[in-house]
Amino acid sequence: MAFSFRGPGADENDVSIFGKVVTKEKVAAIVVDDPCPISPVVDLIFGRWSSQVLWVLTHDGRLRFTELRHRLPAVSPKVLTQRLRQLERDGLIERTYYAEMPPRVEYEPTELGRSLSPVFQTMAAWADSHLDQVVAARRRHDQGGRQ
């Protein structure tokens, strides 16, 4: 669920949305004012590095933190940790801790996280078919080709 009525620092009049505590009135205003029904999903899975983490885990399966770091070298350890915690909180990935020496932690997508695979596949197909057109349009625009 994208939001809950219980969260850190929330009282009975507050709601926790993606880790941010806001009033119920603000949630109502957001829902009423937002004409796009997919906005909560976009915020959920397309936040900085979230889609990349989900893509890697969905395609490569269960991975340790260091393995994720190797597959996503541009993300800092701090940001990767934040993304993993948020994705776990949102129910999209599962963290498994093994109490051994040295301790081991593995991450994998949940069923909910895997349910996004068709969305990612559709977007990848769109990118294969149309991204060159976007690049060409940007080039034209940047060269002053606007009318």
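A few remarks follow.
- Equivalent ellipsoid of the stretch 68-113: semi-axes from √(5λ) of the C-alpha gyration tensor, largest first, are 17, 17, 9 Å.
- For Thr110, the residues 5 or more places off, or on other chains, whose built amide H falls under 5 Å of its own are Ile93, Glu94.
- Accessible surface area normalised per residue over the stretch 90-147 is 75 Å², counting heavy atoms of protein chains with a 1.4 Å rolling probe.
- In sequence order, the stretch 89-97 has phi-based couplings of 4, 7, x, 8, 9, 10, 9, 10, 9 Hz under the Karplus curve 6.51 cos²θ - 1.76 cosθ + 1.60, θ = phi - 60°, and Gly or Pro positions carry x.
- Overall, the accessible surface of the stretch 62-116 at a probe of 1.4 angstrom is composed of carbon and sulfur to the extent of 52 percent.
- Along the stretch 39-53 the Karplus relation, 6.51 cos²θ - 1.76 cosθ + 1.60 evaluated at θ = phi - 60°, assigns HN-Hα couplings of 3, x, 5, 4, 4, 5, 9, 10, x, 3, 6, 5, 5, 5, 4 Hz to successive residues, with x for each Gly and Pro.
The values are calculated or read from the model by the stated rules, or taken from the named source; none is laboratory data. On a predicted model such as this, the values are computed, not experimentally measured, just so you know. With ligands, DNA and RNA removed, areas are computed over all heavy atoms of the protein, side chains included. Shrake-Rupley method; radii C 1.70, N 1.55, O 1.52, S 1.80 Å.
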